[in-house]
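Only one structure is covered here, and it is reproduced in the block below.
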Amino acid sequence: MASPNSRTIRIGIDTGGTFTDVVAFDEESGELVTTKTPSTPGNPADGFLAGIDKVLGLLGAGPDTIDAVSHGTTVATNQLLEGKVDRLGFITTEGYEAMLEIARQSVPDGYGNSYFWVKPDRIVPRDLVKGVGGRLDFTGAEVRPFDEESARTAARWFRAQGINTLGVCFLHAYANPEHEERMRAVLAEEHPDAVVSLSSEVLREYREYERAMTTLVDAAVKPRLSAYVTNIKSRLEALDDRTIPFYVMKSNGGVLSADEVVHQPITTVLSGPAAGALGAALIAKVAGFDKVLTSDGGGTSTDVSVVIDGEPTLTTEGSVGAFPSKIPMIDVVTVGAGGGSIAWLSPEGTLKVGPQSAGADPGPLCYGKGGLDVTITDAHVFLGRIPPHLLGGEIPLDVDAAREGIQKLAEQLGLTPEACATGILEISAWNQANALRQVTVKRGLDVRDFTLTTFGGSGSLLLCRLVDVLGLPAVLVPPNPGNVSAFGLLTVDVKNDYVQTHVSLADHLDPASVATILDGLTAQAASALTKEGFAEGEHSFVRTADVRYFGQAFEVRVGVPDGPIDAVVLDEVAARFHAEHKALYGYDFAGDPTQQVEWVNLRVSGIGPIQRPEIKRHAVSAGSTTEATGSTTEATGSSTGAATEKGRRQVCFDAAEGYVDTPVLWRPDLGPGTVVTGPAIIEEFGSTVPLHPGFTARIDEFLNIIVTRVDTAATKENN
């Protein structure tokens, strides 16, 4: 073990498609150090360890100073998005073998698309589904006994077929797991090499199809994620002669130890995007913004979410690729508009962008690794909006290769190269704007009421266009925006979610029954937190209920007040439901006694707190406000140095206007109070902000860049 007087450093690592982002937090001094290293898609663990070596080198510290490592991984996400699901077996109640084929009567893009839409392949083909006798009713009472003989027959058949990954989902197992547990015992005897997921452990909720799909997704990602996490854990242990605590980010906004996450792999399907949303939420809240949209732009995609009062919105109706996953997750919408997204021509000859991506290898044309397709990054390089290198010069870019690719594509379209490149970026901006509308409008929210927070390596490149397209009041760009997801990993508490279906009309609800269920879920959460090393006094719990009007198909989640459960608490939950229903849908039935409230699920989240890095405030002394404009740069009196030009280059902001001579500023030189008026390019180690003409950027006291339209900023000053 490290000595008590040594430094204690927590490290957050987010592995993306192009770069691995690293943030280290010295718990004694409060120092934060950020860096990046190229990802290694062939073996992501190599990039992970390289990032640790790099950040420790910057700190001048050794492995013995590491207190804990938190990791956001896309292993499960990418496996599902790419459809790389190995052969699975599905064991269900006899007579329900066609559950996956029946699925739900839902058609993408509405029923007008039903003539053209072809139902995708099931995650498990029909010939790999086996039924087992036995039956429970919705209360968990046994209707027919478990048929052990048919269970053994199914287990032997899967063993003979060489299918070693199995999902088990029996009817009404959410109410009573006994039959599923007996099935697992049979599999342990007859097919001991099988990796098994039980629906009663993965998702203890009713709705058989969603529970079955979530269980099968859990089983599908379990072998690969378990191998990945175990590999990293063993390599961390090789760094030092002790066990370094290793946590993995979950989709619900918490982390879990590596030892536990291998048993709950489904909980990591949105690991990386969740960390970014939480990091951006904290930064924006500290800066004084309570209604925020987050936009995390990476090499492959852009992830957007909504944050209100510092809390990202949660959902249990999410999906990854074609696979619904009914687990608590931060509500993130992903669009194929990352730096590596490919520009291509449709059969009709129109320009399209994404969702296909050039990835990290070979990557965009400008990477010089043999890429053949024009990407969003190539368009930015050609237009001069990003420098001819990445990571402060560590990775040079081939500008000529990008230019040649843009010119060839422009000839096919009959456009000038500048019009072609700006067209690529315009399509990307609208793709992102549509995703931002989706996460707001579908909840009855007005996108114009929100401040946008952009981060990720490519997240801030199109922010000026997003302001105009969406009518946004402002955009916040945090310091080190390329590392916000890794920073978010250092702000995340340990968190476990537990759920139990309990369908009952509010008039028939027994407070004692509700209390018994919530107490049982709380005990499970407390046990998990104790295993994670948290003392009883550190435990905290959040109770919620999924509620609906009788006859509705889906629920609204509302909080259950702390304290003993009695009639007053139940009435308060109903009142909260009416209010939330009205906020979401524009109406409620609070005054209509014929519309009954129905409880569906009870939930408890157990939370173990961690020490968060402090976001430091920097004083803006009197007279320190400075101005930097596209024609002249005057920046004196700044507490962090003069905002002198780093250089100038030709940049195209508008194809019709052509290239303009534009100052390039180095962000670390811009102290609090500095104001930059476009056109300008603001660069830093891992990201770039192209400031278009007509926009202004202000450095606030937390070193965030606040971008507004000049006329918007003037209006605010006059008011």
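The values are calculated or read from the model by the stated rules, or taken from the named source; none is laboratory data. Since we're looking at a predicted model, the values are computed, not measured. Don't worry about glycine lacking a Cβ; one is built from the backbone with ideal geometry, like all the others, and counts go over all protein chains shown. When the accessible area is computed, the model is the full protein with side chains, heavy atoms only, and any ligands, DNA or RNA have been set aside. Shrake-Rupley method; radii C 1.70, N 1.55, O 1.52, S 1.80 Å.
No solvent, one uniform scatterer per C-alpha: report log10 I(q)/I(0) for the stretch 501-581 via the Debye equation at q = 0.26 1/Å, two decimals.
With no solvent term, the Cα-only Debye profile gives -1.32.
Using alpha carbons only, how many angstrom separate the centre of the stretch 480-509 from the centre of the stretch 660-709?
35
Quick one: angle between helix 417-441 and the longest Cα principal axis of the chain, in degrees between 0 and 90, rounded to 10, please.
Result, in degrees: 40.
Report the far tail of the P(r) of the stretch 104-205, meaning the percent of Cα-Cα pairs longer than 22 Å.
Percent of Cα pairs beyond 22 Å in the stretch 104-205: 41.
Mind grabbing the accessible area of D510 for me, 1.4 Å probe, Å², rounded to tens?
For D510, solvent-accessible area is about 70 Å².
Run down the aspartates and glutamates and flag those whose C-alpha is under 12 Å from the C-alpha of K36, throwing out any fewer than 8 positions away in its chain.
D14, D21, D53, E394
Leaving ligands, DNA and RNA out of it, work out the accessible area of Y498 with a 1.4 Å probe and give it in Å² to the nearest 10.
So the heavy atoms of Y498 present about 50 Å² to solvent.
With contacts defined as alpha carbon pairs under 8 Å and 6 or more residues apart, what's the relative contact order of the chain in percent?
RCO, the chain: 11 percent.
Taking just the alpha carbons, could you work out the radius of gyration and Dmax for the stretch 351-431, both in angstroms?
Rg, Dmax (Cα atoms, Å): 11.9, 36.
Using only the alpha-carbon atoms of the stretch 1-94, report the extent along each of the three principal axes, biggest first, to the nearest angstrom.
Computed over the stretch 1-94, the largest-to-smallest principal extents equal 62, 31, 19 Å.
In the set [x] 35.5, 113; [y] 25.0, 80; [z] 26.8, 84, which value of Rg and Dmax of the Cα atoms in Å was calculated from the structure you see?
Correct label, based on the coordinates given: [z].
With the cut-off at 23 Å, tell me which of the pairs K291/K442; K250/K582; K130/K222 have Cα atoms farther apart than that.
Result: K250/K582 exceed 23 Å.
For a 23 Å ceiling on Cα separation, which of these pairs sit above it: K352/K408; K233/K616; K84/K119?
Those over the limit are K233/K616.
How compact and how long is the stretch 383-427, expressed as Rg and Dmax of its alpha-carbon atoms in Å?
My reading of the Cα-based Rg and Dmax gives 11.9, 36 Å.
Using a 1.4 Å probe, how large is the accessible area of F289, given in Å² and rounded to the nearest 10?
Counting only protein heavy atoms, F289 exposes about 50 Å² to solvent.
Kindly report the accessible area of the chain per residue (heavy atoms of protein chains, probe 1.4 Å, no ligands, DNA or RNA), in Å².
Result: 41 Å² per residue.
Provide the convex hull volume over Cα atoms per residue for the stretch 547-617, in Å³.
Taking only Cα atoms, the stretch 547-617 has a hull volume of 169 Å³ per residue.
If you average 1/r across every pair of different Cα atoms in the stretch 253-408 and take the reciprocal, what Kirkwood value do you get, in Å?
When all Cα pairs of the stretch 253-408 are included, the Kirkwood radius is 17.6 Å.
Roughly what would the spin-label model give for K582 and T516, points 7 Å off Cα along C-beta, in nm?
Once both label points are built, they end up 3.6 nm from each other.
Per residue of the stretch 526-532, what does 6.51 cos²θ - 1.76 cosθ + 1.60 with θ = phi - 60° give for ³J(HN,Hα)? Whole Hz please, x for Gly and Pro, Karplus curve as stated.
Coupling constants for the stretch 526-532: 5, 4, 5, 5, 4, 5, 7 Hz.
What nm value, rounded to one decimal, do you get for the distance between V286 and A160 when each label is placed 7 Å out toward the C-beta?
6.3
Take the Cα atoms of the stretch 144-276, find their three principal axes, and give me the spread along each one in whole Å, biggest first.
52, 31, 22
If you put +1 on each Lys and Arg Cβ and -1 on each Asp and Glu Cβ, how big is the dipole of the chain around its Cα centre, in Debye rounded to 20?
So the dipole magnitude of the chain works out to roughly 900 debye.
Please identify the GluC sites (Glu not before Pro) of the stretch 332-440 that satisfy two criteria: DSSP loop assignment and at most 14 other Cβ atoms within 10 Å. Which are they?
E348, E394
Measure nothing but the geometry: give the 0 to 90° angle between the long axis through the Cα atoms of 44-59 and the longest principal axis through the Cα atoms of the chain, rounded to 10°.
50
Keeping the other protein chains in place, figure out the carbon and sulfur percent of the accessible area of the chain, with a 1.4 Å probe.
In the chain, the share of accessible area belonging to carbon and sulfur is 51 percent.
With angles folded into 0 to 90 degrees, how steeply does helix 208-239 sit against the dominant principal axis of the chain? Use alpha carbons for both and round to 10.
Long axis of 208-239 versus the principal axis of the chain: about 60 degrees.
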